[in-house]
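Where a number appears in this text, it was derived from the coordinates with a stated rule and is not lab data. Computed from a predicted model, the values in this text were never measured in an experiment. Heads up, the Cβs are rebuilt from the backbone with ideal geometry, glycines too, and the neighbour counts pull from every protein chain shown.
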Amino acid sequence: MSAPYGPKQPVLYQPVASQGMVVNPKNSLNKPDIEGKGREWSFDLCACTSVGSCCLAWCLPCIIYGSNRERLSYLERNGTPDPDHGGTCNSHCFVYGLITGCLGIGCILQARRIPMFKIFISSFTVKIGNRGHIRSRYGIKGGGCTDCLTSCFCSPCALTQEEAEIELEEKALTQQQGGYYQKA
C-alpha cells in the first residue's frame, strides 16, 4: 500500500529567516533551552572565535574586559550596538587593570607568602559579576560556582566567550535594523 501523500522526498535545503521574521537577538543561534534551566553558550569555552581577541585576552585582558562591559552597558541603555565597539581603554579597563595590578603583581613584589592566591583573587573577582550578568541577560545556564571557576582558571577563554556572545547580539540587532555590522 502506498503512502497517502506520495513517496517521501528528501529535504534539499534548510529553512531560513525571511523578510518579516524576527530573530531573538539575545539567542541569534537559536540554542534550545535545556529543561527550563537556560541554554548553552553560543560558543564553547575554548572556541577561539577571533584570533585577535584571543591574543588580546591573553596579553591584555583589561582591554577585552573593559570593552565587554562598555558594549553590554551600551546595549542595555540604548538597545543598539555601541558604535565604538566598547573602545580600547575605558573606565572599566582602567579599574580592572588597577585592581589586578595593585592586588596581583604588587603582592608578588611585596610578599612571598601565597602570592598566587592573591593573583587569583584579584584577577577573577572583578570578572565573576560580569560573567553572571551576561549569563542572566542571554538566558545561559550556569551559576556562581561555574562563573568563579571559569573566571579563575580559564580567564582569557571566558573573556573571549563573553565577547562572542555580545557580538552575536550586536550583529542580530544591526541586521534587524537593516544595517551592516562591521567589527572594529
Using eta = 0.890 mPa s and T = 25 °C, Stokes-Einstein with Kirkwood Rh from Cα pairs puts D for region 130-181, in µm² s⁻¹, at 205
Computed on Cα atoms, the radius of gyration and Dmax of region 20-103 in angstrom are 15.6, 52
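Compute the signed sum of charges (Lys and Arg +1, Asp and Glu -1) over the other residues within less than 14 Å, Cβ to Cβ, of residue 63.
On the way: positive: 69, 71, 127; negative: 70, 84, 162, 163.
Net of charged neighbours comes to -1.
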Output ordering of 159-165, 85-91 (per-residue mean of other Cβ within 10 Å, highest first) is 159-165, 85-91
The set of residues whose placed amide H lies less than 5 Å from the amide H of residue 140, leaving out same-chain residues fewer than 5 positions away, is 39
